[in-house]
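The structure appears right after this line, and notes come after that.
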Amino acid sequence: MTDFRIGHGYDVHALADGLRLVLGGVEIPHSKGCVAHSDGDVAIHALCDALLGAAALGDIGLHFPDSSDEFRGINSRILLRRVAALLREKGYEIGNVDCTIQMQRPKLRPYIDRMREAMAADLGIGADRVSVKATTTERLGFEGREEGVSVSAVALIFRP
């Protein structure tokens, strides 16, 4: 019997003027970006947590602490590749992943296919196994007020 596991991840970052906005490994033109120790890619951070959680390997903060200078300003795609490698070391393969980005602006539809391709490449799976969706919160909450961005992610992993 195949050992299937499901993990869930959630991450939030505040937005501030003049910072880079990187989501799903793609830099997006915007007046605000994520406040973070790394590059602030909240989509990849949530996905890392989903993958690590599925394998019961803790969370992103355990593996890549924000108190470490090693990870200051790091490209989060590097973290995602390390998580994928760790899973494979433990005998897991990645089935599929799904992320939902909650953010009022900018409109993300033009960037979603690039996000899917970037994350698929880092995970070593086909882009047809990576889903990225974006939604506004109809101007409600911190996302709607453009104070921050949140991402929910789920991942299916398995041992063949």
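Each label point was placed 7 Å from the Cα along the Cα-to-Cβ direction; for LYS107 and SER68 their separation is 4.1 nm.
Extents of the stretch 68-160, largest first, come to 43, 35, 20 Å (Cα atoms, principal axes, whole angstrom). Charge dipole (Cα centre; +1 on Lys/Arg Cβ, -1 on Asp/Glu Cβ; no other charges) of the chain amounts to roughly 340 debye.
Of the peptides 106-117, 37-48, the ranking by mean beta-carbon count within 10 Å, highest at the top, reads 37-48, 106-117. For the stretch 1-131, the spherically averaged projection of the C-alpha convex hull amounts to 7.9 nm².
Here, each number is a calculation from the coordinates, and none is a lab measurement. Since this is a predicted model, take the numbers as computed values, not measurements. Cβ: placed from backbone, ideal geometry, glycine included. Neighbour counts: every protein chain shown.
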